[in-house]
1. Report the charge-dipole magnitude of chain B in Debye, nearest 20, computed about the Cα centre from +1 at each Lys and Arg Cβ and -1 at each Asp and Glu Cβ.
2. Where a ≥ b ≥ c are the square roots of the eigenvalues of the C-alpha gyration tensor, would you call segment B:174-307 rounded, which needs a/c under 1.5, or, failing that, prolate if a/b is larger than b/c, or oblate?
3. Quick one: Karplus J couplings for segment B:354-361, per residue in order, coefficients 6.51, -1.76, 1.60, θ = phi - 60°, nearest Hz, x for Gly and Pro?
4. Could you list which residues have their amide H under 5 Å from that of residue A:18, counting only those 5 or more apart in sequence or on another chain, with H placed in the peptide plane?
5. Could you compute Rg(Cα) / (2.2 N^0.38 Å) for chain A, with N its residue count?
6. Using the Cα centre as the reference, give the magnitude of the dipole from point charges on the C-beta atoms of segment A:104-211 (Lys, Arg: +1; Asp, Glu: -1; all else neutral), rounded to the nearest 20 debye.
7. Probe radius 1.4 Å, ligands and nucleic acids left out: which of A:126, A:197 has the largest accessible area, and how do the rest follow?
8. Probe radius 1.4 Å, ligands and nucleic acids left out: which of B:253, B:61 has the largest accessible area, and how do the rest follow?
Amino acid sequence: MTTTLPAPALQDPMTAPMLEVSGLNFYYGESHILRDVSMTIPKGQMVCLIGRNGVGKTTMLKNIMGVLRSRTGEIRFEGQVVNGFSPDRRARMGIGYVPQGREVIPRLTVRENLIIGQEALGSRGKVQKEVPEEIYELFPVLKTMLDRMGGDLSGGQQQQLAIARAIMGQPKLLVLDEPTEGIQPSIILDIEAAVKKIVKTTGISVLLVEQHLHFVRQADYYYAMQRGTIVANGPTSELTNDVIQEFLAV
Amino acid sequence: MLEGLIGGLFNGISIGAVLLIVALGLAIVFGLMGVINLAHGELMMFGAYTTFVVQNAAKSMGGIAPDLYIFAALPLAFLVAALLGLLLERTVIRYLYGRPLETLLATWGVSLILIQFIRSVSWPMVIGLVVFAALFFVGRWVLTRYTDWDRISSWANPVFLGLSGAIAALTWFLTQSSGSAQFARPWFGARNVDVTPPSWLRGGITLGNTLQFPSARLFIIALTIICLAAVYWFLNGTAWGLRIRSVTQNRGMSACLGIPTGQVDAITFALGSGLAGIAGFAVTLLGSVGPNLGGNYIVDAFMVVVVGGVGKLVGSIVAAMVIGITTYLLGSGTMALLFPPSDFFQPIIGFFTFFATTSMAKVLVFALIIAFLQVRPAGLFPPKGRSVEL
């Protein structure tokens with residue numbers, strides 16, 4: 001069942017995959033957290049990273065974002081090696097990050113939280129003074145609480161704000177870390193629908209870390225992680241219940 | 001009675017305004033960034049000495065220059081202190097973010113260096129420093145361009161430091177001993193120097209028979225209001241202000257959003273330092289300027305920020321005014337006059353008369369602040385709501 005994605009011959013920005021990680025090794029002090037992790041996210045596709053708690057999924061995303069730096073291995077974004085780049089530079093290149101725990105800026109209003117998402121535009125786009133209407137179409141709830149403090153929102157609202165904030169920066173790759181964790185079921189469906197809509201309308205790539213099975217099935221490819229290594233991957237259509245039992249169920 | 005009340009209120013507000021303008025820079029550096037900068041008072045002192053230098057230049061120009069020098073001194077004091085703060089942030093503080101104890105020690109050391117620098121700065125010393133900078137930095141720049149710097153940096157750095165240091169020290173020594181006494185003399189020396197306010201700030205406005213509003217105090221109150229409005233506008237109305245507020249609340253996530261946090265830190269710190277420079281400029285209108293000027297104000301400034309609630313600008317405003325007015329009312333003995341001179345009130349009157357000197361009033365104010373912080377440890381305006389627990 002382990003099928004590798006077709007490796008690109010050229011590292012041309014036009015044909016290179018959106019993100020390509022190869023041979024990544026990461027250590028917290030002496031403990032080896034990520035072992036030779038390689039993964040590819042093609043353009044315009046949604047890739048899901050699954051695995052149980054503590055196998056290194058979030059560490060992986062933090063390495064992609066540049067919050068943590070790996071000891072060896074290479075991370076290429078649109079063909080360019082980004083290993084030495086700071087998180088803010090990677091964000092301006094087009095990696096939008098929605099971390100675990102949302103990390104909405106608490107004492108900024110919802111509007112300010114959205115406006116500041118445009119920092120990631122860098123030289124790629126023009127900063128707008130107002131929040132575009134598309135954001136409210138994705139997350140109608142935000143429109144009603146523009147002047148509330150970000151930190152005063154409920155967990156689900158904060159999650160929607162965090163995703164909307166990332167979208168404001170018009171990313172090429174959206175990195176979502178457990179967007180449905182600890183959120184009530186009705187809002188999980190909203191978030192799922194919004195992410196699907198984003199992929200469809202903007203054509204961006206998505207890297208998703210998720211435990212919620214229904215959401216996992218929306219992805220095009222999956223990578224399964226166990227003790228810091230990728231142990232299985234393939235199209236999500238091949239994601240059988242056996243695989244899920246093995247890698248996802250607790 | 002009414003005149004007395006207005007006069008007392010005015011004096012209290014003017015003490016509060018001085019406190020506030022001194023605390024404003026600290027409210028940004030300590031309140032927003034969380035950096036305990038013990039050299040903040042010395043940045044103030046540099047602002048004050050900048051004013052002194054500008055004043056001397058204006059005096060030597062003659063004409064109307066001595067009347068208008070403060071309009072040049074104000075931006076220059078801001079600029080000098082801001083640049084010095086920028087240098088301090090880039091070379092020392094940025095390596096110590098999130099380590100308050102180390103920051104405290106390092107900035108205290110910097111404050112001692114700055115005090116001694118002002119005492120002993122002279123032309124030979126400046127020449128020595130310039131020679132050092134030229135040799136060390138230019139030499140290193142040349143080497144990084146033409147050699148494999150990474151390979152040799154382990155021994156080349158100390159060698160370069162030692163060599164350029166020695167040559168610079170020699171230059172200092174030679175210019176010191178060979179130049180004329182006039183040339184080798186320290187610029188300011190250890191003693192206090194005097195800044196004379198321009199003539200139009202020396203008088204005052206008199207209302208009625210006894211009410212006197214000194215122009216210098218009115219000017220400081222106006223300056224404080226302008227600075228407050230400018231800081232409020234900068235933090236809440238500009239893109240950089242938004243970035244500053246974001247970074248000060250969540251540095252890691254702000255970086256992931258694409259905000260260049262290093263730049264934001266530098267700008268925030270420079271802004272706070274520049275405001276210290278303006279405070280230094282303001283206090284030259286009240287008294288003489290000395291190398292120890294910073295120490296006299298730094299405690300008051302921290303007090304205002306802590307009582308107001310760390311991170312809250314409005315808290316600093318209220319705290320400065322309350323502390324200023326309380327200090328004045330206690331120190332001037334106004335409190336004792338509020339009670340009718342009967343036997344019953346005698347103990348209370350005695351109590352207030354005992355504290356009716358400037359230093360004793362300060363003792364009482366400190367005691368009150370300690371008591372207040374026992375009741376409300378987070379200050380007057382602690383942040384509220386769900387966001388606090390996050």
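1. Details: 20 positive and 12 negative charges, 114 e Å.
Here chain B has a charge dipole of around 540 debye.
2. Details: a/c = 2.73, a/b = 1.25, b/c = 2.18.
Cα axes put segment B:174-307 in the oblate bin.
3. Once θ is set to phi - 60°, the couplings for segment B:354-361 become 4, 8, 7, 10, 4, 6, 5, 4 Hz.
4. Residues meeting the criterion, in which the H sits 1.01 Å from N, are A:41, A:43.
5. Details: Rg = 17.5 Å, N = 250, 2.2 N^0.38 = 17.9 Å.
Here the answer is 0.98, to two decimals.
6. Working: 12 positive and 14 negative charges, 83 e Å.
With only Lys, Arg, Asp and Glu charged at Cβ, the dipole is about 400 debye.
7. Working: A:126 170, A:197 90 Å².
The residues order as A:126, A:197, largest area first.
8. On the way: B:253 5, B:61 145 Å².
Reading off the accessible areas and sorting them downward yields B:61, B:253.
The values are calculated or read from the model by the stated rules, or taken from the named source; none is laboratory data. None of the values given here were measured: they were computed from a predicted structure. As a convention, Cβ positions derive from the backbone with ideal geometry for all residues, glycine included, and neighbour counts pool all protein chains shown. For the accessible areas, the whole protein counts, side chains as well, though only heavy atoms, and no ligand, DNA or RNA atoms are used. Shrake-Rupley method; radii C 1.70, N 1.55, O 1.52, S 1.80 Å.
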